[in-house]
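A.B. asks: Sharing a structure here in structure tokens format.
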């Protein structure tokens, strides 16, 4: 079967992250939402049906963005769809449990927690239209229903708040082996819940504490001396933890992390190489946090945190919410981020002062004194930062970022 993930209206509003990638490429636990769907269905994802402005999206291992209107012409337009294959359309917000996928052979509507999360459509069956994909619960496709075990994410902060529990569920299933040899001087609590990939380096003076949850270190991870890494924790390939207290985290590939980090997800290629607190946060790719950058994740009155969204300010129902930082955000030394802060894609904050609760995309400045970041200067800086990790900013990536800047420019006007 050909598996497609689709972003409905709610998923497309998961700013600041879905400005630069489909929701299916966001990390949750030890997998992206795409990887989780692939594991459940036993099929690689052919493509994401997402905001058409994400055309040209490309990341290593990720699925491309395809147009819904092009699916009728597959396999010419979408070669991997395969002529004659049945198609699965599955919501990027759906988090299936670790259970066998149902053996669906006839056309069917897929449900989870009472919500429509997709369709299984044999070859020749009419495909869902754009309205079906944007608002699946309003779909009038009259087909038998098949319930899928799992949960449906509603808001972007669900990816942060539920991440630790998801790591606890993922590690025993995805990484059941826990045999390894430790360097002298490395201390482990709960060794049976620790899993190490190939080429992991642990310096003397490291403490792996799996008392409260499992720990998985992927291939090529390096943990420096004087680090306490507490579970639940998943650390992606080639990431270097440089010291400090790090726990209840998912850290993507090729990150540099130091200081106190808690209840946080880093998508990848994040540079937090200095001291400073980062808690109850979700951080995009290519973010660079200057020394002593610190976020608040609790209001002084212990009240429920509100967060800026595409639909305005929304009550999260949570008392601990830190910050949401879009791709390519950069902060200068001593930057302070208030509780529930949302910083848009490509922003550059400096001056050692408190940022506002909502920073529009491509902002440049300090405090409330924010100007529009010149697109050419931004692209030059982004390309330079990526080259330091031997990654090129390709033409398609530049076009996607240029498109996002134009959208932000229109919003500012």
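Values in this text are rule-based calculations from the coordinates and carry no lab data. This is a predicted model, so every value here is computed, not measured. When we count neighbours, we look across all protein chains shown, and the Cβ atoms used for this are built from the backbone with ideal geometry, even at glycine.
A.B. asks: Show me 332-345, 305-318, 33-46 ranked by packing, highest mean number of other Cβ atoms within 10 Å first.
C.D. replies: Packing order, densest peptide first, comes out as 332-345, 33-46, 305-318.
A.B. asks: What's the exposure ranking of 183, 239, going from fewest to most Cβ atoms within 10 Å?
C.D. replies: Listed from fewest to most nearby Cβ atoms, that is 183, 239.
A.B. asks: Sorting 20, 399, 181 on the 10 Å Cβ count, fewest up front, what's the list?
C.D. replies: Final ranking by Cβ density, sparse to dense: 181, 399, 20.
A.B. asks: What would the Debye formula give as log10 I(q)/I(0) at q = 0.22, 0.23 Å⁻¹ for the alpha-carbon point model of the range 129-214, no solvent?
C.D. replies: Treating every Cα as an identical point scatterer, log10 I(q)/I(0) equals -1.14, -1.19.
A.B. asks: May I ask for the distance between the Cα centers of the range 277-345 and the range 14-35, given as a whole number of Å?
C.D. replies: Using only Cα atoms to place each centre, the spacing works out to 17 Å.
A.B. asks: Can I ask one more? Given contacts defined as C-alpha pairs under 8 Å and at least six residues apart, what's the relative contact order of the range 233-340, whole-number percent?
C.D. replies: Dividing the mean separation by the residue count of the range 233-340 yields 21 percent.
A.B. asks: Name the residue, out of 357, 176, 60, whose mean-square fluctuation peaks in a Gaussian network model built on the chain with Cα pairs under 10 Å.
C.D. replies: The residue that fluctuates most here is 60.
A.B. asks: Still on this model: Kindly provide log₁₀ I(q)/I(0) values, in the same order as q = 0.24 Å⁻¹, from the Debye equation applied to equal alpha-carbon scatterers of the range 304-413.
C.D. replies: Debye output, listed in q order: -1.32.
A.B. asks: Right, next: log₁₀ I(q)/I(0) of the range 159-412 at q = 0.09, 0.10, 0.15, 0.17 Å⁻¹, via Debye over equal Cα point scatterers, no solvent, to two decimals?
C.D. replies: Per q value, in the given order, log10 I(q)/I(0) is -0.41, -0.50, -1.05, -1.26.
A.B. asks: Would the range 2-153 count as rounded, prolate or oblate if I go by the C-alpha gyration tensor, calling it rounded below 1.5 in a/c and otherwise prolate when a/b exceeds b/c, oblate otherwise?
C.D. replies: Verdict is rounded for the range 2-153.
A.B. asks: Which whole-number percent gives the relative contact order of the range 156-312, counting Cα pairs below 8 Å spaced six or more residues apart?
C.D. replies: Contact order relative to length: 14 percent.
A.B. asks: In which sequence would 395, 330, 299 go, from the one with the fewest C-beta neighbours within 10 Å to the one with the most?
C.D. replies: Neighbour counts put them in this order, fewest first: 395, 299, 330.
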